[in-house]
Structures are given as structure tokens and as C-alpha cells.
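Laboratory data are not the source of any read-out in this text; all were calculated from the coordinates shown. Everything quoted here is computed from the prediction, not taken from an experiment. Don't worry about glycine lacking a Cβ; one is built from the backbone with ideal geometry, like all the others, and counts go over all protein chains shown.
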Amino acid sequence: MKDVQRRNFLKTSVGLAAVTIAPGMLLFKVAHGESDDNSKVRWGMLIDTSGCTNGCRECIDACNKENGLSGGLAPTDSQWIRKIEIKDVSTGHEFGLPMMCQHCAEPPCVDVCPTGASFKRHDGIVLVDKHRCIGCRYCMMACPYKARSFVHEPLHNQNPDVPRGKGTVESCTMCVHRVDEGKQPACAEACPNKSILFGNLHDPNSEIAKKIRAVASTQVRADLNLNTGVRYQGI
Amino acid sequence: MSTSFALQHKKNRLYYALLAGAGLVVLLALYAVDLMEEKGHIITGMNNQIVWGMPHVFAIFLIVAASGVLNVASIGSVFGKAIYKARAPLAGLLSIAMLSGGLAVLMLDLGRPERFMLPALDFNITSVFAWNTILYSGMFGLVIAYLWSMFEKRMNVYSKPLGVAVFAWRFILTTGTGLIFAFLTARQAFGSAILPPMFVVMSFAWGMAVFHIVQMVIYAWNDKELEPEILERKKRLLGLFILGSLYMVAVYHMTNLYFAHRMSFERFILLDGGVYPALFWWGYVLIGNVLPLALIFMPGMKTKKSAMMASLAVVLGGFAFLYVFIIGGQAFPLDLFPGYEVSSTFGDGKIGSYTPSIYEILLGFGGLAIAFIITTVSVHVLNFMPHDKSYIAD
Amino acid sequence: MSVSGVRLLLLLLISLCIPNVWADQSTLPYKIDIGRGGHCVRDPVWMRKNHMHLLIHQRDLTVREGKPNKEIDLRNCVECHASTKDDSVIARSDSFCVACHRYEAVKIDCFECHSGIRKSAWLQRNAK
Ligand code: SF4
């Protein structure tokens, strides 16, 4: 909490400085600084890693298919979601989990993006507005989760629902096109163990909110105080 | 008389040959950019792990040096030292030239370079990158005004306040460049408060080195001798700057060693990271520091030659440092689960690999060539040659 | 030259400045495949001149504010105007988007990222 306050303080002071440098065009943005802690909807996920047995890649395949990703594994290929295999060196305990954009409430990628292409929707989904992205890749430097990919090649035959293109940065959209139609993200739907629970974190009666209250869940790199929208259970 | 005429003729030809050469480099760079536009960044060595590569090494060197070179002007204007004042115009010119080159590289490397004006229109105030666009354009304007105030008699009165403004602005600018990295708190290599001051001190050394090189070439070209006392003093100043930046780099690594979770990164970058420690120790420490310091402070060195050599070594060392800092810093994987061993298809827990491609190197050299062309043409058509009254101790 | 002659000349010159999109379709000087066509969301003559404003305005609403519009949606444009032969608005030189944009020499930026293919056809083509 303290950190968030400090960040906000930083933002305001920086904002004031910037306003004095370039008035006019900036005032607008400051006025628009939305606080969406009290927004009615915040989409999130709770992932139960106990179901993520070694070798299971259902969520990844579903994501690739839904979003028209090639599924290639070269360092220049996009991977919106990936399986991380984890081993506790001291105990030898091994487990795995899917890692993707954590849809932070305080997303570093949004803070650093020079054009505002990286942004957070009022419902908490962090997206890249590809109309504005200039492809500077600063957000990729800033993301603690390595969640973003840069489109290194011209693309063809994109899914009509999922526009993607060369020279811009992309990442998990929480299947925003499905969510807006009242559906679940593709990964959540595909998981054979129902390990990915998707829902509205701000609705106290939603299944996810209830479960988060009931079980111990973790944020990855909680030390950074980003208040992630994706939480894990069992790590 | 006729021999000097023939010499002049030869020089003229050399001048145009040099310009043509630099022009060719720029053309090659543009060709590389065009190819990058058509095929995408796949033809560079950059990837999703090493997202900033060779172009950024060149661009950041040029921008940092562009700020540092103004030191010469500041010492003249702000502190009123005559020998530096005489060099202020040249310093201003070099600054503009390098800033142009560096920004061109940065811009042309974008995934969507045609949208480079967007940061100015859709300005995101929390972004250091966006502030930097203001800092850079402001610097351009200020330095041009400053140059004008020095060249135009009627404007001379403004020269001092403008000099002070440039002095302040360039501090903020280099701080801004350092902040680009300092704000990346999630990365072990960056996210350190020491980075902005480190960049400021480094800019002094790199800027001074570039200034030395250019000044010596100009003097040689015009068959003039730089007064040895002047050279000696500036050489010593360069030495001090080198020591200063070495100190900052040492502190940066020491503070990193202090944080337990950054130990493994320091091990990687200083010991067993292959090309990175090699470049760091041989390139940065040895060539970039030990060699120039020896050349500067060892007694009995021929001033002129050793100053030139030392400056070149500092520039090379600067590039080596940036390569290690920027690329090495990204090659080391992010630590998502401290204390655990991780692996994935997306490079988690693995050192990223990066081989710069010819295209991005061409782009980088294109930036150098732009700076070269701006400097050469301006020095040729305008009077940027430092005019020293006979040496005044100050 | 008489006064009326000058007037006529001026008139001709001015008419040259009027972009072609203002003209009636019957007078379009190039071939265009309007696909299925049908009833557009706005008057076609208005659309020819203003479709980009509509699209840009809606794109910010859809992307940034999460307020998609059932009616104004690039996918709908494609749905009606993709050629009945190849299901695309961009595949040929007389495809719906290409024909005009080529004539007016305005680059289309949309389809580097957006699909120019009718969704039903895309689904069919990409069904495993
Ligand atoms: S790459 Fe695009 S989204 Fe990322 S910081 Fe740059 S402009 Fe913003």
C-alpha cells in the first residue's frame, strides 16, 4: 500500500513538473487520470497450479488457436502464455504454472509507454492499443513478467476478432473480444482441470472473489506491489 | 604559393571524398531501415528477450556524448574560462550533430517509425521516454539559440544566460537518459538510483573525448598547432572525468553486490557471462580506462599523440560499456521466482542470446555518419575553429 | 478571353479540385467490387467522404473504453463489402477498399493488423 502511495505521489509530482514544461496538452491527461479501484468490474484469474501437471499445454494451445498465434518457439515468435516449469532447489519439489500478462492494477508497461498505447481498461484488462504503439519496446523492458512479445515479421491471415501486426507489441488480452461478449478467456475454457478460474474480482459474490477470500493465493513478484489481476494458488 | 594551392586543392578533394563516404554510409543505413520496414525486426539480432540491441548502443552513446560535449561550452560560459569560451561554438555544434545522429537511430529503429510523432501528440506523462522527447527537442532549440547568440554580435548579451540554461538543461537531459533505465525496477541490471548520476559523469568523459578528437583533427587540417598548455590542461580534465566515471561504475556494481538477489547477475556480468565480462574487463576497464589514464598521467608521454589515443580509447570503452550494460543487462533472465530453478519455452531461467546483424550495425553507423556530416559541413562553411588569444592562465 | 470564358475556366479548375469521392457512383472512373453491398450504416455518398472519421472515432471507443458498437465495426464493413468471389476487401486491385484508395493514392493502414476477410470465410479456411 505504501508503495502504491509513493508511486501515486511520484506520478502527481512528475505530472505537475510536466505540466509546467508543456502545458495544455498535458492538463487533459492529468484530469483524466482515472482511479479505478472503485470500478465495479475488475477482471481477474485465479490459477490453481496443482492441476498443471507436467506436460499439460492445453491452455497454451487454446490461446494460440484463439488469437491466431503461430505457436512457434523461436525467440522472435510471440508467446502470450507459456508454461514455466519450476523446481525448488532446496527441496527438489517440482511444479509448473502458466505465465502470461498479470494485468496489474499498477502496470509498469503503462507507466513507461511514451504514447499511451499501453493502457489499462476500466475493467482492469491491460492492453496495447496497436493504433498508437510505435514499437519502441520500452514496455517489454519494464514488464517484470516477460509477458510481452514484439511482432518481428509481417503477419497474414489474422483472426478477424484479434488484430495483430508487425512492428507493434502484444500480449495476453485476457481474450478481451470474448469477455466483451460475455464469454470466458480461451485458456480458462480449455483447461481440462478447470484450474483457471476467471471472474470479476470486484464483485464480492463472484466465484473468484469468494475463492480468493477462502484460499491462500499468491501474486508473482508480490514484492513489486503491482496488485496483479492474475493470482496463483499452490505456490 | 603554388604548393599551398595544390595542397588546398588536395584537401578540397579529400573533404568531398569524406563527405561522399559518410553519405554512402547514411544511404546504406537507410537501405537497412527500409529492409527492416519491409521484413520486420526479424532481420536484426534483436528478439523478445533482447529487445534493445545495437541501435540503442549507438544511439545512447551519441546522445550521452552530445550532452557531455557541452561541458566545454559550460565551463566557458558559466564559469567564464577563456580557453573554453573559445571552444563553446564547436562544442555546441558537436552536441547538435551527435544528438541528431543518435535520435535518428533511435527513431528509425522503432517498429513503426512512421509514427514517431505520436509521443508528442499522445503524451503520457508518466513515461520517462516521453519526457525525453521534450528534453531532446528542448536541447536542440537551446543549443541553436546559444550558438546564434555567440555568432551574432547583437545577440552576444544573451550568450551568458543561454549558456547557463544549456548547462542546466543538459544535466536534466542526461539524468533523463539514466532514468530510462533506472525506472526498470524489475530488472536486476537496471532499476538503480545510481544510474542517472552515473550517466551524467560518463557523459563528461565521453563528450570530452569526442571533443578532443574533433578538435585535434580540425587543428591538423588547418595546419595549426594547439598550444601545448591548453592541450595539457584539457587532457588532465579528461583524465579526471575518466576517473569519475570509473568510480561511478564501480559504485553501481558494488551496490548491486550488496543486494543478495542481484549477486547472480553481477556474477554473470563480471565473471562467467562469456562475451559480457570479456567486453567489460578488456573493453571497458582496460581500453576505456586503464589505457587512457596511463596515456594521460604517465610522465614523458608526447602530449598530442597520447591525447588523441586516450580519447579514442575512451570512445571505444564507452561503446563496450554500453554493450555490456544494455545488452548484457537484458541477456540475464528476469527472476520471477527467486530461489527457484525455472525453465520454459520463452527463455525463462536462460541466458538470452544475441548476435547483432549487419543491418542494425549499419543503422548505428548511419547515426555516426549523420553526426560526421553535420560537423564536417558546418566546420567547413562556418567559423567553428577555436580562436585562442595567446594563452591566458585562468 | 471574354469574361464568361474566364468564368468557365475557373469553374473547370475548381471542379478539378473536388475529390472524386464526392461523385456519384455511376460516374466512378474505376472498377470496384462492392461485394454484397446492401444498406449501409450511413448514406453511401456521405460514407465515401467520411468513413474514416466514423472508424477512428469508434476505434477509440471500442479499444480504449471497451464500448464496442454493434453497428459500426470494421468487421461489419468487411462482412458486407468483401467480394463475393474471394471474400476479401483487399485481395485485388478492384476490391472494395483498394479500388478507391488506389485511385486517391491514400495508403490503407488498417489491414496490416486487421483481417480483410469475411469472418465466416476465415473460420472456414482456418477450421482444422
Ligand atoms: S512498444 Fe508500443 S506499447 Fe510498448 S511502450 Fe512502446 S509504444 Fe508503448
DSSP loop (so not H, G, I, E, B), at most 12 other Cβ within 10 Å: list which trypsin sites (Lys or Arg not before Pro) in region A:131-235 pass both filters. A:K194
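Are there trypsin sites (Lys or Arg not before Pro) in region B:1-78 that DSSP marks as loop and that have at most 14 other Cβ atoms within 10 Å, and which are they?
On the way: sites: B:K10, B:K11, B:R13, B:K39; in loops: none.
Hits after loop and neighbour filter: nothing returned.
Hey, got a sec? Which GluC sites (Glu not before Pro) in region B:175-254 land in a DSSP loop and have at most 12 other Cβ atoms within 10 Å?
Details: sites: B:E225, B:E229, B:E232; in loops: B:E225.
Filter output for region B:175-254: B:E225.
Pairs of lysine in region B:200-337 with Cα under 12 Å and at least 8 positions apart or on different chains: total? All intermediate terms of the calculation are to be shown ahead of the outcome.
Working: B:K234/B:K304; B:K235/B:K302; B:K235/B:K304; B:K235/B:K305.
Lysine pairs meeting the criterion: 4.
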Chain B, helix-only ellipticity at 222 nm - DSSP H runs n ≥ 4, -39,500 (n - 2.57), divided by all residues, nearest 500: -22000 deg cm²/dmol
Normalised by the residues of region A:37-233, what does the relative contact order come to in percent, with Cα pairs under 8 Å and at least six apart? 31 percent
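What is the sum of charges around A:R213, taking Lys and Arg as +1, Asp and Glu as -1, for the other residues whose C-beta is under 14 Å from the C-beta of A:R213?
Numbers: positive: A:K210, A:K211, A:R231; negative: A:D203, A:E207.
Every neighbour counted, the sum reads +1.
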Roughly how far apart, in whole Å, are the Cα centres of region A:175-195 and region B:166-200? 41 Å
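Would you mind checking the pairs B:K11/B:K85; A:K65/A:K130; B:K350/C:K119; A:K87/A:K130; A:K87/A:K183; A:K120/C:K85 and listing those with alpha carbons more than 31 angstrom apart? Mind showing how you got there, number by number?
Numbers: B:K11/B:K85 28 Å; A:K65/A:K130 20 Å; B:K350/C:K119 40 Å; A:K87/A:K130 37 Å; A:K87/A:K183 34 Å; A:K120/C:K85 40 Å.
Too far apart for the 31 Å limit: B:K350/C:K119; A:K87/A:K130; A:K87/A:K183; A:K120/C:K85.
Taking 8 Å as the Cα distance limit and 6 or more residues as the minimum spacing, I'd like the relative contact order of region B:33-381 as a percentage.
Averaging sequence separation for qualifying contacts and normalising by length gives 27 percent for region B:33-381.
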